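S.K.: Sharing a structure here in structure tokens format.
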Amino acid sequence: MGFLTEGKPLPWEQAKKYADHIRNHGINQFLSIYNKTKDRDKDYLLWGDEIEYMVIAYDDESKNAKLSLRISDILHKLQKEVEETVKNGEVAEISWHPEFAAYMIEGIPGIPYGNTLKSLLRVEQNMKLRRATASKHLNQNESIITLSNFPRFGCSDQFLEPHHEPFGPKLKSAFLPDEVLNPHIKHQTVNDGLRSRRGTDVTVNIPIFHDKKSPNLFPECEKALPDHIYLDSISQNLFPECEKALPDHIYLDSIVFGGGCCCLQVTIQACNIREARKLYDQLAVLGPIMLALTASTPIWRGHLSEMDCRWFVLSKCADERTKEERGLEPLKNDRFVINRSRCDTIAYYISLDKTLKSEYNDSNSVYDRNIYQKLIDNGVDEILARHVSYLFIRDPLIVYEDSLYQDDESSSHHFENIQSTNWQTVRFKPPPLNSNIGWRIEFRCMEVQITDFENAAFVIFMILLTRIILSYDLNFYIPISKVDENMANAYKRDALNTEKFWFRRNIFANYDGVEDEFEKMTINEIVNGKSNEFPGLINIIFQYLESMNIDIETRNHLEKYLEFIGMRASGKIQTAATWIRNFVRSHPNYKHDSIVSQEINYDLIKMVEEIQKGQIKAPELLSDFKIQ
Amino acid sequence: MSSPEFSNVNTVIVYTGNVMKQANINTLKAELASCLENSLKNVHSSYNIDQTRGILEVPSPYDLSYKLKDRDDFEITVKLFYLPSSSTSDDNPSTLPPSYISQSLHHLFCLLGITYVDSFIVYFNGLLFDDQDQDDSNLVMDDFEALVEVWKELESQYRNEKIKKLGVSEFTKNRFERFLDVVEIPPKIDQINFKSCCDLPNRMINYAKEHDIELLTHKDPADILPLATFQKILKDTNFPFTSKLLPRWVLKYSVLVKCREVVANKG
């Protein structure tokens, strides 16, 4: 989460009074930035990645792997190191940040990578440096890993080091102690804001994976009749809306289940605003595809589920819409019926390209008409105005009384307040004030992988995808409703091999023929191609590389990353989610009841650590790609 | 069928247009063949003829005039392939006319509206790269002299600031050493065929590092435009005087946007 300044935020009851104030000034600030930077051009290709890490504390005697809460101590030491480096006049290669959960730490490159293809090789190097640097501050029994979620998070025994009891005053969760939330007041405020605004606690029900002897979960709850089954952008009527735990489902009752997941993000600088808007649209379509390719979240609260990705849970956890806003009750106190969570796929495409047909923007998501008009009156085009006025239907979650009154020409805090608490699959980022940074796109939905080789491969793949989009003028447009459908399919168990995704048939923009524009394809077809009908994204990347001047060693290295992606896409090697499932189900301790016991968890985490360090080979996951 | 205006033509230049915009993801060979076919099919509706010099230019139907603005933002790399039938001399089939250099550059400059290219790489037909070769035995003396003649022309263009960097293709360490003995301006680029299955050519890599040579890769086939393919295209598109035309050279060009790694034009 980017936007977090110092000071004491207001409690929700007071904060909500300032919502309009912050929105109004946020728009003024946007206009100020927009007018100052809309003509920026020729910015270089620069990019960066973000990875979130967990620290594990092993209790080898009782064969228990636990989440370590020593993060704040470790983070403090790491940040001190960075300060020292900077004081000595050197460039800090890594930057470390706290995150929503108390057991998570975020590491990013100190300076962006770029601007040649050769610098793609720096990605894995920097990721390795992050792990090596953090490892210096770990205890003997600790290790740092990258897993989307901790499999036994919220289980009834000891999964935290040190242990704490659940159901504290802050989270009021039946499964999680308050200590899992980062104690800094701002995270607590976001948590409170989301809960208070919604008016009810988070209720997320994930279908359990039925194995031979899987239990009927929560038999003691009354068979919950859903209050209302509604079509929302995520569930597509698949998962009924319910205020209680459902039988045969894994029930989650706190925002931290979602916000506490680790992910892999990439931010890319475009040469100008037009290019940024184009990339935003094209990458938004690729979101569900990349989610399915990177799937690594099959376990929730110690149970194997029917989902392989975190996205559904994340979206539900950050959903602070009231009943009125969800259309369950008539509008009285709230202004709009909103058909999407704050954390969701994008609502509107924003490019100025002729290839964007108005029919593609079929989400019919509400947007603030007054803000829209104000933007239009101040020189913003209709398409961009609609995007911003959609983002600005949300309330600010963190309000600092001390900084309510800002100079809109020289501050962007109110704008960032709303902008950075819209957690879409892709984010369109205007240049920061007074900097040399340009218009950027943040690609946010990929799941983090176990090894840095894989994480680097996916980052590199995203950068190369943007290069072919620009070089070949590719057109991936499908209606937003189809992107949403893809998303609902992407997180299903083994979606990579079993689901088909809407994808545009002809992705070369200047095709004149009349045709059904899109059809359902498998991930393998999308990435590796389908005989003469569809070239496959990887093959276009290879052809692009042929046109570039690349030295032989760089080319050789890039080839390895791309080969890996191609093998994942074809199912020849497994996603982390599939690999984890298979590990659990073939463990001698597993009782075919979907339950991931403490011992299975311990062995799994140990294995994850050893694969990452290159100590153990896992050919089903990584073929024979070398992990150094 | 043959048109009377074409009766004085002795040279035909065919353009592929910007391949990046032609939805053509294929091998280079297939890409070239299909682009040539598209251009030649269209010749009767669009061509330029220089009657005095007897040059017929066949533009691509996809190319709307593409003149580069802001030349400094781009890096332009060209590669000239000397084809097997490049020799215009019946007595000496292994001659490599150096004039192809200025000829191909001239047409490219007109096409893109430029006055220089950043890199010029020359591929001499038949050369193969083998990192292990001990004595460069497949390059006989006559051929070698022909290479040097071509190189002299390149050096002249370099001195006239038409080319910023000179390069060769498929040169092994030995070939390089032989070459460096006789040329004045050394190649700064060596482009070799990349085979992902093989080990990296470490001898050449080390040599390149020591001598500050950029070792680039490509997947261009050795026979980029076989004679049979060319003649079939001429026949299929009903191009006049099919039997008399021989393909002499292919110039491959890439226009890259600097610092953004985007291919703006390729043909």
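The values are calculated or read from the model by the stated rules, or taken from the named source; none is laboratory data. Quick caveat, the model's predicted, so the values are computed rather than measured. Ideal geometry is used to build each Cβ from the backbone, glycine not excepted, and the neighbour counts take in all protein chains shown.
S.K.: Just to confirm my filter: which strands (runs of 3 or more DSSP E) fall fully inside the range B:152-267 and include at least 1 residues that are among the hydroxyl-bearing types (Ser, Thr, Tyr), within 14 Å of chain A (Cβ to nearest Cβ) and within 18 Å of the chain's Cα centre (by Cα)? Reasoning before the result, please.
M.R.: Working: elements: B:163-169, B:189-193, B:214-218, B:249-257, B:262-266.
In the range B:152-267, B:163-169, B:214-218, B:249-257 are the strands (runs of 3 or more DSSP E) which contain 1 or more residues that are among the hydroxyl-bearing types (Ser, Thr, Tyr), within 14 Å of chain A (Cβ to nearest Cβ) and within 18 Å of the chain's Cα centre (by Cα).
S.K.: Going through the range B:3-56 one residue at a time, which ones are within 14 Å of chain A (Cβ to nearest Cβ), touching a strand residue (DSSP E or B) at 6+ places or on another chain (Cβ under 6 Å) and of a type in the set (A, V, I, L, M)?
M.R.: Residues satisfying the conditions are B:19, B:20, B:23.
S.K.: Suppose we filter A:591, A:530 for residues that are surrounded by fewer than 22 Cβ atoms within 10 Å (Cβ to Cβ) and either within 14 Å of chain B (Cβ to nearest Cβ) or within 27 Å of the chain's Cα centre (by Cα) (or both); which single one remains? Step through it out loud before you land on a result.
M.R.: Numbers: A:591 fails: either within 14 Å of chain B (Cβ to nearest Cβ) or within 27 Å of the chain's Cα centre (by Cα) (or both).
Just a single option satisfies the conditions, and that option is A:530.
S.K.: What tally of residues in the range B:189-215 results from selecting those that are of a type outside the set (Ser, Thr, Tyr) and free of Cβ contacts under 8 Å to residues at least 60 places away in the same chain? Talk me through it step by step, then tell me what you get.
M.R.: Here is the first cut: in the range B:189-215, the ones of a type outside the set (Ser, Thr, Tyr) are B:189-195, B:197-206, B:208-215.
Pick out the ones that are also free of Cβ contacts under 8 Å to residues at least 60 places away in the same chain and you get B:190, B:194-195, B:197-200, B:205-206, B:208-215.
Matching residues across the range B:189-215 total 17.
S.K.: Right, next: Restricted to the range B:105-119, and to residues that are of a type outside the set (A, V, I, L, M, F, W, C) and surrounded by fewer than 20 Cβ atoms within 10 Å (Cβ to Cβ), which residue is farthest from the other protein chains (Cβ to nearest Cβ)?
M.R.: To start, the set of residues in the range B:105-119 that are of a type outside the set (A, V, I, L, M, F, W, C) comprises B:106-107, B:113, B:115-116, B:118-119.
Filter once more, so that each one left must be surrounded by fewer than 20 Cβ atoms within 10 Å (Cβ to Cβ): B:106-107, B:113, B:115-116, B:118.
Details: B:106: 23, B:107: 20, B:113: 20, B:115: 21, B:116: 17, B:118: 9 Å.
Per the criteria, the residue is B:106.
S.K.: Within the range A:240-299, take every residue that is in a helix (DSSP H, G or I) and out of contact with any Phe, Trp or Tyr (no Cβ under 8 Å at 6 or more places or on another chain) and give me the one that is nearest to residue A:446 (Cα to Cα). It would help to see each step written out before you state the result.
M.R.: We begin by selecting, within the range A:240-299, every residue in a helix (DSSP H, G or I); these are A:255-259, A:273-294.
Now restrict to residues that are out of contact with any Phe, Trp or Tyr (no Cβ under 8 Å at 6 or more places or on another chain): A:255, A:258, A:274, A:278-279.
Numbers: A:255: 20, A:258: 14, A:274: 24, A:278: 20, A:279: 16 Å.
Within the range A:240-299, the match that is nearest to residue A:446 (Cα to Cα) is A:258.
Here's the yes/no breakdown for (1) crowded, with 20+ Cβ neighbours inside 10 Å; (2) among the aromatic types (Phe, Trp, Tyr); (3) modelled with pLDDT of 95 or more:
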| position | (1), (2), (3) |
| --- | --- |
| A:23 | yes, no, yes |
| A:29 | yes, no, yes |
| A:32 | no, no, yes |
| A:35 | no, no, yes |
| A:54 | yes, no, yes |
| A:58 | yes, yes, yes |
| A:79 | no, no, yes |
| A:84 | no, no, yes |
| A:96 | yes, yes, yes |
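S.K.: I'm trying to understand the selection: among the residues of the range A:454-484, which are without any contact (Cβ under 8 Å) to a residue 60 or more places away in the chain and either surrounded by 21 or more Cβ atoms within 10 Å (Cβ to Cβ) or farther than 29 Å from residue B:256 by Cβ (or both)?
M.R.: Narrowing the range A:454-484 to residues without any contact (Cβ under 8 Å) to a residue 60 or more places away in the chain: A:473, A:482.
A:482 - this is the single residue of the range A:454-484 that is without any contact (Cβ under 8 Å) to a residue 60 or more places away in the chain and either surrounded by 21 or more Cβ atoms within 10 Å (Cβ to Cβ) or farther than 29 Å from residue B:256 by Cβ (or both).
S.K.: Looking at (1) surrounded by fewer than 20 Cβ atoms within 10 Å (Cβ to Cβ); (2) within 30 Å of residue B:254 (Cβ to Cβ); (3) more than 8 Å from chain B (Cβ to nearest Cβ), which is the only condition residue A:572 fails?
M.R.: Result: residue A:572 passes all but (2).
S.K.: For the range A:60-71, indicate whether the set of residues that are at pLDDT below 95, on the phi < 0 side of the Ramachandran plot, in a helix (DSSP H, G or I) and surrounded by fewer than 18 Cβ atoms within 10 Å (Cβ to Cβ) is non-empty.
M.R.: No, the conditions are met nowhere in the range A:60-71.
S.K.: Also, quick follow-up: Mind checking which strands (runs of 3 or more DSSP E) fall wholly inside the range B:1-88 and carry at least 3 residues that are at pLDDT 80 or above and of a type in the set (Phe, Trp, Tyr)?
M.R.: Details: elements: B:11-14, B:48-50, B:55-58, B:74-82.
Where strands (runs of 3 or more DSSP E) fall fully within the range B:1-88 and carry at least 3 residues being at pLDDT 80 or above and of a type in the set (Phe, Trp, Tyr), they are B:74-82.
S.K.: Right, another one. Please go through the range A:187-205 and give me each residue that is part of a helix (DSSP H, G or I) and in contact (Cβ under 8 Å) with a residue 40 or more places away in the chain, ordered by number.
M.R.: We begin by selecting, within the range A:187-205, every residue part of a helix (DSSP H, G or I); these are A:187-198.
A:187, A:189, A:190, A:191, A:192, A:193, A:194, A:195, A:196, A:197, A:198, listed by residue number.
S.K.: Hey, can you tell me all the residues within the range A:82-118 that are of a type in the set (Val, Ile, Thr) and within 14 Å of chain B (Cβ to nearest Cβ)? Let's see the steps before the verdict.
M.R.: Within the range A:82-118, the subset of a type in the set (Val, Ile, Thr) is A:82, A:85-86, A:91, A:94, A:105, A:108, A:111, A:116.
Residue satisfying the conditions is A:116 alone.
S.K.: Next up: Please indicate, with yes or no, whether at least one residue in the range A:36-50 is within 24 Å of the chain's Cα centre (by Cα) and part of a helix (DSSP H, G or I). I'd like the intermediate steps shown before the answer.
M.R.: Filtering the range A:36-50 for residues within 24 Å of the chain's Cα centre (by Cα) gives A:45-50.
Then drop every residue that is not part of a helix (DSSP H, G or I), which leaves none.
The answer is no, given that none of the residues of the range A:36-50 is within 24 Å of the chain's Cα centre (by Cα) and part of a helix (DSSP H, G or I).
S.K.: All but one of (1) more than 8 Å from every other protein chain (Cβ to nearest Cβ); (2) in contact with a helix residue (DSSP H, G or I) (Cβ under 9 Å, 6 or more places away or on another chain); (3) buried (at least 18 other Cβ atoms within 10 Å of the Cβ) hold for residue A:555, so report the exception by its number.
M.R.: Going through (1) more than 8 Å from every other protein chain (Cβ to nearest Cβ); (2) in contact with a helix residue (DSSP H, G or I) (Cβ under 9 Å, 6 or more places away or on another chain); (3) buried (at least 18 other Cβ atoms within 10 Å of the Cβ) one by one, residue A:555 breaks only (1).
S.K.: Looking at the range B:129-155, which of the residues that are at pLDDT 85 or above and not aromatic (Phe, Trp, Tyr) is surrounded by the fewest Cβ atoms within 10 Å (Cβ to Cβ)? Walk me through it before giving the result.
M.R.: Restricting attention to the range B:129-155, the residues satisfying the condition of being at pLDDT 85 or above are B:147-155.
Restricting the remaining residues to those that are not aromatic (Phe, Trp, Tyr) gives B:147-150, B:152-155.
Working: B:147: 23, B:148: 15, B:149: 13, B:150: 21, B:152: 15, B:153: 17, B:154: 25, B:155: 16.
So, considering only residues that are at pLDDT 85 or above and not aromatic (Phe, Trp, Tyr), the one surrounded by the fewest Cβ atoms within 10 Å (Cβ to Cβ) is B:149.
S.K.: In addition: I'd like the full set of residues that are over 19 Å from residue A:398 (Cβ atoms), among the aliphatic types (A, V, I, L, M) and at pLDDT 90 or above, limited to the range A:156-212.
M.R.: A:160, A:176, A:180, A:204, A:206, A:208, listed by residue number.
S.K.: So residue A:120 fits all but one of (1) crowded, with 21+ Cβ neighbours inside 10 Å; (2) within 30 Å of residue A:300 (Cβ to Cβ); what number is the exception?
M.R.: Failed condition: (2).
S.K.: Can I ask one more? Is it fair to say residue A:150 is in contact with a Leu (Cβ under 8 Å, 6 or more places away or on another chain), farther than 19 Å from residue A:57 by Cα, touching a residue at least 40 places away in the same chain (Cβ under 8 Å) and not charged (D, E, K, R)?
M.R.: On the way: in contact with a Leu (Cβ under 8 Å, 6 or more places away or on another chain): yes; farther than 19 Å from residue A:57 by Cα: no; touching a residue at least 40 places away in the same chain (Cβ under 8 Å): yes; not charged (D, E, K, R): yes.
Here the answer is no, as residue A:150 does not meet what is asked.
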